[in-house]
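Rule-based calculations on the coordinates, nothing more; no lab input. Since we're looking at a predicted model, the values are computed, not measured. We place every Cβ from the backbone using ideal geometry, glycine too, and count neighbours over all the protein chains shown.
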Amino acid sequence: MLTDAIVAWLHFLGIFVLVGALAGELMLFRREVSATAQKTLRVLDAHYGAAAAIVLTTGFIRAIWTDKGWDYYAGNPFFWILIGLFALIGVLSIPPTLYYTRWRKSTAPVTVSDADYRRIKRLLWLEAVGLALAPLAATLMAHGVGL
């Protein structure tokens, strides 16, 4: 029982870090990015990736070893919608990560082209929409909707 509670706490903590890191990226990514902001974006993105790994790991631990068990989750369409959303968010996060890594050796402000700015900003917002839909899928899943 205590183990379940700790895993649930880590799961939610990971979600909070994931959302906070994405919010930070959305706020910091501009057309003019200072050297300090470049570094902060890379750090936020690394936290975002680590938090995603924690959420995924603890989510599967909860699905496999908690009271409801794997059969409950595997048979629930909203579980698979949630997994699909998480996978989509992961794929959407790749281009911003690759874009930020270009600045790894930069010590000067960077001007982002209009096309790159629109593309990266759109991807970040799509990730945010996916993260906003995930709790809906998780709530429906937890309440047995679709079974």
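Quick check: the angle from helix 35-65's long axis to the longest principal axis of the chain, C-alpha only, nearest 10 degrees? Approximately 10 degrees, to the nearest ten. Around the Cα centre of the chain, unit charges on the Cβ atoms of Lys, Arg, Asp and Glu (plus for the first two, minus for the last two) sum to a dipole of about 640 debye. Taking label positions 7 Å along the Cα-Cβ direction at both A115 and V145, the computed distance is 4.1 nm, reported to one decimal. Since only A8, P135, A51 are under comparison, the one whose Cα sits farthest along the positive direction of the charge dipole of the chain, derived from C-beta charges on Lys, Arg, Asp and Glu, is A51. Taking all Cα pairs closer than 8 Å and separated by 6 or more residues, the relative contact order of the chain comes to 35 percent.
The dipole here belongs to the stretch 102-147: it is taken about the Cα centre, uses +1 on the Cβ of Lys and Arg and -1 on the Cβ of Asp and Glu, and is about 300 debye.
Within a straight-line Cα-Cα reach of under 16 Å, K105 can be paired with the following lysines, leaving aside sequence neighbours fewer than 8 residues apart in one chain: K39.
Axis of helix 77-101 versus longest Cα principal axis of the chain: the two differ by about 20°, to the nearest ten degrees. Taken along the Cα-to-beta-carbon direction at a fixed 7 Å, the label points for I94 and T40 span 2.9 nm.
Each residue of the stretch 102-114 was assigned a 3J(HN,Hα) from its phi angle through the Karplus curve 6.51 cos²θ - 1.76 cosθ + 1.60 (θ = phi - 60°); the sequence is 4, 8, 3, 9, 6, 10, 10, x, 10, 9, 8, 5, 4 Hz, with glycine and proline shown as x. Ordering I81, V19, L124 by Cα displacement along the dipole of the stretch 2-142 toward the positive end leaves L124 in first place; charges were set at the Cβ atoms of Lys, Arg (+1) and Asp, Glu (-1).
Provide the gained length on full extension for the span D4 to A50, in nm with one decimal, where the gain is 0.36 nm per separating residue minus the Cα-Cα distance.
14.5 nm
Checking [x] 53, 29, 18; [y] 60, 29, 19; [z] 62, 34, 28 against the coordinates, the calculated Cα extents along the principal axes in Å falls under label [x].
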